[in-house]
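Note sheet for the following structure.
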Amino acid sequence: MNARSTAARITVAGRRLLDKEGAEAVTMRRVAQAVGVTAMAIYRHYPNRSALLNALADEGFEQLAARLTRKRFFGTIEARLTKMAEIYLEHAFENPRLFELMFLKPRAGARRYPRDFKAGRSPTANLMVQLVEEGMKNGYFREDDAWEIVLEMGALSHGLIMLYLGGRLELSHARFRALYRRSFRRYIHGIRN
């Protein structure tokens, strides 16, 4: 068996554990057992648990960025930003534990604001900042720090999503989606010119 297929099997096993039981369940020993290799064999592919968790989170970001880039966005800046936010929501609903690992769990290799974001290292935030900057250039939004605005939108999105997934909101999926959309509209209207 080649190293590449073993690494792929490790990430698949890690993702299954993550999806089923959360990040705490993704241990080198449990992943090794699921793959059918020794725990020491995993260290040839991932130097530690943090590296494996980062690989899983990076895969999640790649999937989310691919969804965002595949979608053709039409309409006003508000409509396009709202649609992007809804794609984040769909990704969270389909992959709640992955979403939590991507955005909320402390990870040594996680991107940090502002350094990594302003350096263009966030495949998802980069797409949103382009849209916010477009809105500033055409006068839809007043001039401001586009990166701070995207950070704030992310905080709004992730905060609402985690409250909902954590059972803190007594709302149906449909009512939560409506609240989520209204929240984005209120925020977007607050930064308009």
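The values are calculated or read from the model by the stated rules, or taken from the named source; none is laboratory data. Computed from a predicted model, the values in this text were never measured in an experiment. Here Cβ is always computed from backbone atoms with ideal geometry, including for glycine, and neighbour counts include all displayed protein chains. Surface areas here come from the heavy atoms of the whole protein model, side chains and all, with no ligands, DNA or RNA. Shrake-Rupley method; radii C 1.70, N 1.55, O 1.52, S 1.80 Å.
Taken over segment 133-144, the criterion of being exposed (fewer than 14 other Cβ atoms within 10 Å of the Cβ) and part of a loop (DSSP other than H, G, I, E, B) is satisfied by Asn138, Gly139, Arg142, Glu143, Asp144.
Can you confirm whether segment 147-165 contains a residue that is of a type outside the set (Ser, Thr, Tyr), without any contact (Cβ under 8 Å) to a residue 12 or more places away in the chain and not in a helix (DSSP H, G or I)? Taking every residue of segment 147-165 in turn, none turns out to be of a type outside the set (Ser, Thr, Tyr), without any contact (Cβ under 8 Å) to a residue 12 or more places away in the chain and not in a helix (DSSP H, G or I). Contact map, segment 43-64: residues that are among the polar types (S, T, N, Q) paired with residues that are in a helix (DSSP H, G or I), Cβ distance under 9 Å, separation 6+ or inter-chain. Pairs shown: Asn48/Met28; Gln63/His91; Gln63/Leu98. As a summary of the residue check, Pro123 satisfies the conditions (1) over 13 Å from the mean Cα position of the chain (by Cα); (2) under 26 Å from Leu18 (Cα atoms); (3) assigned to a loop (DSSP other than H, G, I, E, B) except for the one numbered (1). Give the residue that is farthest from the chain's Cα centre (by Cα), with candidates limited to residues of segment 11-39 that are assigned to a helix (DSSP H, G or I) and among the polar types (S, T, N, Q). Looking at the filtered set, the residue picked out is Gln33. Put simply, of Leu17, Leu81 the only residue that is out of contact with any strand residue (DSSP E or B) (no Cβ under 6 Å at 6 or more places or on another chain), open to solvent by less than 60 Å² (accessible area, probe 1.4 Å) and either aromatic (Phe, Trp, Tyr) or more than 22 Å from Leu131 (Cβ to Cβ) (or both) is Leu17. Among the criteria (1) within 27 Å of Phe141 (Cα to Cα); (2) surrounded by 14 or more Cβ atoms within 10 Å (Cβ to Cβ); (3) of a type in the set (Val, Ile, Thr), the one Val26 does not fulfil is (1). Annotation note: of Thr76, Thr6, Thr38, the sole residue that is open to solvent by 50 Å² or more (accessible area, probe 1.4 Å) and without any contact (Cβ under 8 Å) to a residue 40 or more places away in the chain is Thr38. Tallying residues that are buried (at least 16 other Cβ atoms within 10 Å of the Cβ) and either basic (Lys, Arg) or in contact with a helix residue (DSSP H, G or I) (Cβ under 6 Å, 6 or more places away or on another chain) (or both) within segment 108-123 yields 3. For segment 46-65, which positions are closer than 14 Å to Ala7 by Cβ and crowded, with 19+ Cβ neighbours inside 10 Å? If the condition is that a residue be closer than 14 Å to Ala7 by Cβ and crowded, with 19+ Cβ neighbours inside 10 Å, then Tyr46, Leu52, Leu56 are the ones that fit. All conditions but one from (1) closer than 30 Å to Arg29 by Cβ; (2) hydroxyl-bearing (Ser, Thr, Tyr); (3) within 13 Å of the chain's Cα centre (by Cα) apply to Tyr46; the one that does not is (3).
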